[in-house]
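The values are calculated or read from the model by the stated rules, or taken from the named source; none is laboratory data. Keep in mind it's a predicted model, so treat the numbers as computed, not measured. Positions of Cβ are generated from backbone atoms using ideal geometry, with glycine treated the same way; all protein chains shown enter the neighbour counts. Ligands, DNA and RNA are excluded from the accessible area calculation, which covers all protein heavy atoms including side chains. Shrake-Rupley method; radii C 1.70, N 1.55, O 1.52, S 1.80 Å.
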Amino acid sequence: MNSDLLQEILSYLILLPAALTCLFPMKNKMKYSWKINVFHVCLFVMGFIFLAIFVDNNFDTSYISIFLPILIFAFLAYHYSLKVHISKSISVLLYTTAIFSFTCNFANGIDAALHPTGDINHISFEATVIRLIFGFIAMILLYYPMSKYGSFLIDEYDNPKVWLGTSFISIVFLTINLIFVPHYYETLHFHNVALTYWGVLSLCLLTLIALSITFYFIVRGLLDTIKIREQNIILSQQKDAFILQQKYLEESAKTRHDFRQSIHVLKGLADDGDLYEIQKYLEKYEESLPENKTKLFCKNPALNAVLNFYNLKAEENAIKTNFVFSIPEELPIDETDLCSVVGNILENAISAASKVPSEKRFINLNISFLYDSELYIVSSNSCENKSKKWIQHSDRNEENDFSAYQIPTGLKGSGTGLKSIKATAEYYGGSASFFVKDNAFYVNVMLKGNCIPYSSSLQ
């Protein structure tokens, strides 16, 4: 192998660390295993290198006309291998390209220092090796932050507009690097041009890193705020349910106290043989009995309190409810998590059902254990659905981009609650799906547990 061919291979080999770096933040969103993806990347890069060398040596044409379609195909293959919205794929690809454009320009600067009379079209062998070394160093340095913090952003933050906004920032820095490419090395040896070249590139690189760190902490803070808001909503729901349950207990205690007094009165009347007064007293007592609005939907106190709270809200909104349960008193799933899931489902259901005519309002909720290990939550409620589109479908193996779907009237603002349901389902190794069909909103949730169920049902 002659030195020119080796240099040409090495010059294109910079694509390998760049392509591998694109996989780091996507480690939890790959359709295939890490080994398979790395194999595909290596196979594509090697194929691209040999194709590039063949075209360069046999055709007199521009690189753009030949390789742009190939690069577009490569991006589509990259995106197809992932379970993310395309805005995330674009953002990661452009960000990685911007980072590696700095390594190329740094290598160009070193080449200009070693060969003052050279130009960008005749890069030295040393500069080619340095560029490749810089590329692998960048890949190694980026592995930890992109695989940990970058993957967190990819996994947790779903806002295509924001991700496309980060792509614009990457394009700005990529453009700066293209502008600062030293076409003729001798220009860097005039006055302080070299100092300006290194200073601007270093400052831009530090700025890009600073913006990346700032973006991470802003998103992290935003997600923490949303989480705290969800927790506050759950606590508020539990507080209202507790107040309702406490009121029921107080009413029950008062009823028991009054009943004891009534027994004494009836006993005295019975001793006197006054049947007329006994009957009259019983009629008045029956009229004074308080209406008990608390129902026993299930034997778990916390969940039963939440169900009573939302059942009461449904009655206030003239919504027909049908709750059916087959669950044990002691749950193998944290009752706070289960109450959160059920509370979010019923909160959205009441909000949606309240927007349709009263005669069409309904909520059906079924919770049951199957196979002694899996808890299934199935819900349906009436809603306005002008779009006739599926809202979303998500499970452990699919990306869930809530903003990509049209939410029917009455479900606006429910994306946070649905995300919370999905997150809880994934935590328990289960799944969650949501969709709209025929003016009804359907929820299917599965959580994995282990228990022996008992059956009960109330309407």
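Given the pairs LYS422/LYS448; LYS313/LYS355; LYS320/LYS437; LYS88/LYS437, which are separated by over 22 angstrom at their Cα positions?
In this structure, LYS88/LYS437 exceed 22 Å between Cα atoms.
Once all protein chains are placed together, THR424 keeps about 20 Å² accessible to a 1.4 angstrom probe.
Sorting the segments 84-94, 4-14 by their residues' average number of neighbouring beta-carbon atoms within 10 angstrom, most packed first, yields 84-94, 4-14.
In sequence order, the stretch 148-164 has phi-based couplings of 9, 7, x, 5, 4, 5, 5, 6, 9, 9, 10, 9, x, 5, 5, 5, 5 Hz under the Karplus curve 6.51 cos²θ - 1.76 cosθ + 1.60, θ = phi - 60°, and Gly or Pro positions carry x. A 1.4 Å probe over all protein chains sorts THR166, THR225 by accessible area into THR225, THR166, starting with the largest.
Note on THR196: accessible area is roughly 80 Å² with a 1.4 Å probe, heavy atoms of protein only.
Listed values for the stretch 266-279 are Karplus-derived 3J(HN,Hα) couplings in whole Hz (6.51 cos²θ - 1.76 cosθ + 1.60, θ = phi - 60°), namely 5, 4, x, 5, 5, 5, 7, x, 8, 5, 4, 5, 4, 5, and x replaces Gly and Pro. Exposure check, 1.4 Å probe, all protein chains in place: ASP274 carries approximately 60 Å² of accessible surface.
In angstrom, the C-alpha Rg and Dmax of the stretch 333-387 are 13.5, 40.
For the stretch 1-130, the average shadow cast by the Cα convex hull is 8.8 nm², which is a quarter of the hull's surface. Ordered from largest to smallest accessible area (heavy atoms of protein chains, 1.4 Å probe), the residues VAL306, VAL181 come out as VAL181, VAL306. Solvent exposure of the stretch 151-217 amounts to 59 Å² per residue of accessible area, where only protein heavy atoms count and the probe is 1.4 Å.
Could you order HIS40, HIS122 by accessible surface area, starting with the largest, using a probe radius of 1.4 Å? List each step's numbers first, then the result.
Details: HIS40 90, HIS122 135 Å².
My answer, sorted largest first, is HIS122, HIS40.
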